[in-house]
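One structure below.
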Amino acid sequence: MKRITFYMASILCLISCNNRIFDNGDELEEGRITLNMSDAVLQTYSNATTSECKIDTLWVLEFNSAGALLNSERILGTKILGNGQAIQLLPQLSFKPANGSRIVCIANTDTITYPYPNASSITLSNINTYFLLKENGYYFGGENLPMYGEIASWPSAYSCEMVRAVAKIQVQIGTDPSDVTGTFKPENVTYKIYNEAVGGYIQPQTTSPGIWGTSLRQTAEDYRLLQYQDVTEKEKTVYLYEFKSSVTTGSGTSVTNNLFSKDRQHIILKKNKNSVDTYYRLDFYDPMKKEFLDTKRNHHYIFNINRVGSEGYSTLTDAQNNPGNNIEYTVEVKDGSSHVTSNGQYAIVTSVETAYVQAGASNVAIATARFQLPTEMSGLGTGTVNTITVTDALPANSISLISPTALTNADVAITITTTLPFESAKIKLTLGNIVHYIVVKKMITV
């Protein structure tokens with residue numbers, strides 16, 4: 001029996017798992033599968049934690065071209081070497097996939113019985129029926145986040161992109177903020193999310209992501225701003241199921257994607273000053289497109305508080321019934337296919353945040369990049385403020401750009417050449433006052 005070995009390669013910066021792996025045109029060793037997910041590194045404002053990479057239970061399922069189940073195996077997290085670290089080695093599979101089979105990997109669902117009692121009824125199209133997410137799970141601290149990945153046709157690819165089935169939400173005070181109250185500080189502010197989706201799916205659903213309940217729900221915990229130092233990192237992050245919150249309220253009522261509704265999924269900030277509470281509302285809203293946002297799986301939403309214009313509303317009800325016009329903020333969204341850094345006026349968009357390159361590779365196109373502007377600012381970024389430079393190369397001069405250094409509003413390939421030894425580098429993209437990085441790392445094989 002052929003040995004099927006799994007490796008978990010690291011992908012830096014949250015929640016994105018749609019990064020590319022390069023091998024300079026050479027096919028990887030037959031039978032080797034790589035599960036890509038975010039780096040298990042010390043927590044920063046954007047990087048993944050060890051908990052967000054940890055697997056409690058992994059199901060590996062094989063389906064034929066018609067979607068019928070051929071084989072399945074459940075692997076416990078205790079058998080995964082280095083679980084939660086950058087490279088995680090799994091044991092040998094008990095079956096050899098057939099050529100042309102679709103391989104599905106499912107991590108951290110509530111399905112724990114093995115062999116599954118109704119395995120003969122599982123198909124590729126009904127996975128969500130058999131592999132369940134927690135109906136009321138908050139995944140506090142990022143413990144064992146649910147993930148899903150596929151290899152479309154074995155063995156045409158050995159790289160399985162693992163995508164988390166939840167979104168990551170964080171709130172922070174932006175750089176150089178304006179606060180007329182003088183008391184909007186990390187130690188004074190907590191927040192909750194209201195009108196959130198109650199359940200979700202493990203397999204991506206394009207038509208109806210998210211499940212809503214009969215009543216509007218709030219998160220059970222009080223969460224803190226990222227700058228607050230006196231709590232654990234898990235108390236600064238909320239994980240939500242994907243939900244079409246741009247057009248659906250928390251109770252399932254349809255709304256248009258550009259009009260305020262008090263019943264939309266939203267964040268309420270509570271500031272306490274001298275034992276008096278005041279409240280501010282934040283919405284999942286894109287000021288560039290002037291549209292409300294869906295909560296999507298594998299996306300990272302960072303709310304940046306840029307200006308506090310008053311003491312806020314005196315009651316929670318008032319804050320929920322009115323737009324957040326007493327506070328200015330932007331929502332930075334990072335996802336698995338378009339990685340965006342925005343100041344609310346313009347943005348840098350790249351196809352990846354981290355690219356893995358085979359040691360010794362040369363002339364490798366690692367990503368595409370472009371700038372995004374609203375129509376009323378279409379003149380910005382043309383030949384003056386947009387540059388691409390390389391910084392923090394380790395070791396020095398180990399990576400260089402060979403592509404044009406000017407960004408445009410169309411996708412421009414970023415191409416690099418490498419020399420050995422080469423471990424890690426950052427490519428810095430700037431546009432106006434915003435900075436965006438692409439991390440380049442050597443692909444590690446063992």
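The values are calculated or read from the model by the stated rules, or taken from the named source; none is laboratory data. Everything numeric here is computed off the predicted structure, so don't read it as measured data. Here the Cβ is made from the backbone with ideal geometry for all residues, glycine too, and neighbour counts use every protein chain on show. Each accessible area value is taken on the protein alone, full model and side chains, heavy atoms only, with ligands, DNA and RNA left out. Shrake-Rupley method; radii C 1.70, N 1.55, O 1.52, S 1.80 Å.
When Gln172, Gln265, Gln229 are checked against the criterion of being open to solvent by less than 50 Å² (accessible area, probe 1.4 Å) and touching a helix residue (DSSP H, G or I) at 6+ places or on another chain (Cβ under 9 Å), a single residue qualifies: Gln172. The number of residues in the range 310-327 being assigned to a loop (DSSP other than H, G, I, E, B) and open to solvent by less than 30 Å² (accessible area, probe 1.4 Å) comes to 3. Quick test of your reading of the structure: Asn24 fulfils all but one of (1) polar (S, T, N, Q); (2) at pLDDT below 85; (3) buried (at least 17 other Cβ atoms within 10 Å of the Cβ). Name the failing condition by number. Going through the list (1) polar (S, T, N, Q); (2) at pLDDT below 85; (3) buried (at least 17 other Cβ atoms within 10 Å of the Cβ), Asn24 breaks only (3).
Table: residues versus (1) open to solvent by less than 20 Å² (accessible area, probe 1.4 Å); (2) among the hydrophobic types (A, V, I, L, M, F, W, C); (3) in a strand (DSSP E or B); (4) at pLDDT 70 or above.
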position	(1), (2), (3), (4)
Glu376	no, no, no, no
Thr389	no, no, yes, yes
Asp392	no, no, yes, yes
Ser400	no, no, yes, yes
Asn409	no, no, no, yes
Ile416	yes, yes, yes, yes
Lys426	no, no, yes, yes
Ile438	yes, yes, yes, yes
Ile444	no, yes, no, no
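Please indicate, with yes or no, whether at least one residue in the range 290-301 is part of a helix (DSSP H, G or I) and at pLDDT 90 or above. For the range 290-301, residues part of a helix (DSSP H, G or I) and at pLDDT 90 or above: absent. Scanning the range 271-289 for residues that are part of a strand (DSSP E or B), more than 15 Å from Pro323 (Cα to Cα) and not β-branched (Val, Ile, Thr) yields a total of 4.
Selection of the range 152-166 for residues being modelled with pLDDT of 70 or more and part of a loop (DSSP other than H, G, I, E, B) yields Ala152, Ser153, Trp154, Pro155, Met162, Ala165. Looking at this structure, is Pro177 under 30 Å from Gly149 (Cα atoms), modelled with pLDDT under 90 and surrounded by fewer than 22 Cβ atoms within 10 Å (Cβ to Cβ)? No, not satisfied. Filtering the range 217-269 to residues that are touching a residue at least 60 places away in the same chain (Cβ under 8 Å) and of a type in the set (Gly, Ala, Ser) leaves only Ala220.
Summed over the range 286-300, the residues that are open to solvent by less than 30 Å² (accessible area, probe 1.4 Å) and touching a Phe, Trp or Tyr at 6+ places or on another chain (Cβ under 7 Å) give a count of 2.
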